[in-house]
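Quick notes on the structure that follows.
Only the coordinates and a few stated rules stand behind these numbers; no lab work does. Source: prediction; values computed, not measured. Heads up, the Cβs are rebuilt from the backbone with ideal geometry, glycines too, and the neighbour counts pull from every protein chain shown.
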Amino acid sequence: MLNFTPLWSSIDGRLLAAQVYRISELQYEHSSSVLALRSGQRWREQGERLNTCFYRCLRQRQQQQYISSIRTDTGIVVTEPLDITETAREYYEKLYFPESMDEQATSDLLAHVPDSASISPDVHESLINYWTVDGINKCLQRTPTKSSPGVDGIPYVILRLLFDHPFIRQLFLCVLNTALREGKYPPTWQRSNWRPISLICDDTKIFTRLLTTRLTPYLSDLIDPHQTGFMAVLCISNLLLSELDKFSFAFVNKSHWRICSLSTADTLKLENAITALQLRKYRAFIIQNKYYDEKYMKHVFLHAANLHTIIIDNREKCTFNFTLFLLQCANKRKKLTFIVPEGFERKFRFIVEEDEISHIKIKISGDEQPVDVSKIVTPEAVRTQIERAKDILKREYYLANKETVVMKDSLSHMIASPINRFFNSKEYFPWKNDFGGDSLMKKTDLNAVEARRIVNEYGPKFVESVVILENYWFLMTSFSFFIHNNLQIDDCADLSKVGYQEKAVAFIRKKTRFGKDYFELTYRFGHVELLATSGFFGSVDGTFFFPFLGSSIQKLPTAITESFETISTNVVFITIEQKEYICKNRIMNQYYKLNARNNWGFHSKRYEDKGFSPANPLSFENNNIMYSAASLVIRSFAYQEIQQKQINKLLPKVLAQDDSSLTYASKLTKKFLVFLNKHQNSSFSLSPPKETKKELIEIYNNSPAGALKSSNIKNIKLAKKRYEAKKIDLFGEE
């Protein structure tokens, strides 16, 4: 083994430098002579006359590489080769020699470390517990398959393979525990890898991974929050956002949002659907800084339906205009408490008393428990932490169950999200009610072309639209489109007393039929009405959902059904990219009307393809032949055309039915089916007279209506089962 001393003596250094200089001169002369011989050969054989070309190039190159002079630390310029070598040696010796530690400074620093920054004896003992085979195996399974090995050339894949051998397993376990408990490391772990730069061995990385896994649970108690740039789930940019940009949008304990806004265009980026949906969750706001953007603040107050506390914090000034603006923006339907500094109390109370604002209460911030703003984290950090935690859980679950679980393209399919099974909130934005400039929307004498243009322009926007009513979301997968105040265009629309609607409104409407109450989801804007015929609803917190088919919505929460006021909202969320849809006839019960033939029913294609669609009275097929025949009769009068092919198929079966076993509605169905068959070649109008209309209503109400309802109930149960969240045990608990 060769031992090198860290310092050279001055004599040895000078002799060595002289020898190096002499060797370089000899190499230079040898190269020059060889090059000269080659150039002479080219001159004799090929007639080349530039004999000294290569010799000159070699001399220039040697001169460029040669250091002719160097400046010492004292500023003296040396030119002798030995002096140049000695100066360079002294410089690098000083550069790489470690500086001595100040023992007193170290002692003073450690003396001021608080007791809270140290670990308890129990934790210390748990940190040096012996590692087990299972723990090492889990660590090996989490290592990447494609990774460059260290200087020993053994990658993770080979380590995992070797670990399956009993002898290697026990040997590796012994090495790791010896390193942990006694601090004795293998020689391959102690090799310097900074000169030349090289990768450390993979078995060393396993040791460091195991240490990190044990230390991570206790780091949050030992590391200062300002050191977030060195923690796995946090980023230093979280602090820069509040200090440099002076803009933060965050929450504390999922109930407080901190608002610090400047009047810049950046604040408008938050005005989107996902923000509006999230704002409904929060109950308290903290407002900071002296600048504000009115449009942004109005947006916040508009969508914060559950807001009950507003805290004015860390403001040097609070002008009268700003105070008045805050109080006017407050939701007048809810009781609010403003917690303000003592210096602002008089101004707030004056406006409240002068304007007689009874729903607002003023408190002094000194009377309330202060909010620890240092604990506020940005949503980006929270989302990052959650995503990383999910990835760890999903990977561990996959590794433990990969023999029995068939994975999809994305691991995110493994964790159920009660809302995102139906819609992704990031794909939605609030509809801007941009129909006010459309002159056709205000006309009451539309023609057929104009009505068709309104239906085709506005109908597709609301396919798979979402509204929030009393902390419950409603997804509309199909609806019927009606135009009011124009019986010539749409005589199927009811005689509503609601006039022109300036802004869109979505509401749950209570209706009564045959002495029973039922509820419908309706959108109104202009003279247009959209009646939901299928969809889903559920709680915002994701605790439950329920599908509905048909215009009557069942299983609504009591907060909606027992409310004395009509539950409504002016905010309708539509998709950024229009969803695929299918147009059919509308779902109703009076198909004898002239405009019943209009295919103004919009159905989401993706839900239609999955079989989630309301039973259609005009194309209903059932094992009971009379129900199918009734649907055919109603369809013939609705579209005012005889369906001869279907009549030929059903008529023999209907005629085979004994009249004594038929109800009155079934007898009417049989009568009309025979009537239609006789007049298949006649040119007559199918526009029914008054008596015929009553009979058609009798057929619908007492023949297919019950079967349609039963079919919808059956499909609701199937949809409930299909979209029910499946519980996956990620933690191995029973």
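When Leu302, Leu708, Leu95 are arranged by Cβ crowding within 10 Å, least crowded first, meaning fewest neighbours, the order is Leu95, Leu302, Leu708. Apply 1/(1 + (r/R0)^6) to the Cβ-Cβ distance of Lys717 and Ile576, taking R0 = 25 Å, and write down the FRET efficiency to the nearest 0.05. With a Förster radius of 25 Å, E is 0.15. Taking each residue as 0.36 nm, the span from Arg142 to Asn177 lengthens on full extension beyond its C-alpha to C-alpha distance by 10.6 nm. Proximity of backbone amide H atoms, modeled 1.01 Å from N, is registered between His527 and Gln501 at under 5 Å, excluding neighbours fewer than 5 places apart on the same chain.
Label separation (Lys361 vs Tyr91): 7.6 nm, computed from points 7 Å beyond Cα along the C-beta direction. On full extension, the segment bounded by Glu621 and Glu724 gains 34.3 nm, given 0.36 nm per residue less the C-alpha separation. With neighbours defined as other Cβ atoms within 10 Å of a residue's Cβ, the residues Trp473, Trp431 order from fewest to most as Trp431, Trp473.
Converting phi to 3J(HN,Hα) with the Karplus coefficients 6.51, -1.76 and 1.60 and the offset θ = phi - 60°, segment 578-592 yields 4, 7, 5, 9, 10, 9, 9, 5, 6, 8, 7, 10, 10, 8, 7 Hz in sequence order, with x at every glycine or proline. Summary value for segment 625-722: 41 percent relative contact order, contacts being C-alpha pairs under 8 angstrom separated by 6+ residues. Each of Val151, His124, Pro114 was placed along the dipole of segment 112-168 (beta-carbon charges, centred on the mean Cα), and the one lying farthest toward the positive end is Val151.
Ranked for footprinting exposure by Cβ neighbours inside 10 Å, fewest first, His603, His112 give His112, His603.
Do you know the relative contact order of segment 425-609, to the nearest whole percent, from alpha carbon pairs under 8 angstrom that are 6+ apart?
Values: 364 pairs, mean separation 52.7, N = 185.
Relative contact order of segment 425-609: 28 percent.
A crude spin-label estimate for the pair Gln60 and Gln488, with each label 7 Å from Cα along the Cβ direction, gives 9.6 nm. Taking only C-alpha pairs under 8 Å that are 6+ residues apart, what is the relative contact order of segment 507-546 in percent? In percent, rounded to a whole number, it is 24.
Efficiency by 1/(1 + (r/R0)^6): what FRET value for Ser568 and Ser660, r their Cβ-Cβ distance, R0 = 56 Å, to the nearest 0.05? The computed FRET efficiency comes out at 0.60.
In a DSSP loop and with at most 13 other Cβ atoms within 10 Å, the trypsin sites (Lys or Arg not before Pro) in segment 428-465 are Lys432.
Would you mind giving the average projected area, over all directions, of the Cα convex hull of segment 517-586 in nm² with one decimal?
The Cα convex hull of segment 517-586, projected and averaged over all directions, gives 6.7 nm².
Were the residues from Leu199 through Tyr218 laid out at 0.36 nm apart, the gain over their Cα-Cα distance would be 4.0 nm. Taking θ as phi - 60° and the Karplus parameters 6.51, -1.76 and 1.60, the scalar couplings of segment 561-566 work out to 5, 9, 6, 6, 9, 6 Hz in sequence order, x denoting glycine and proline.
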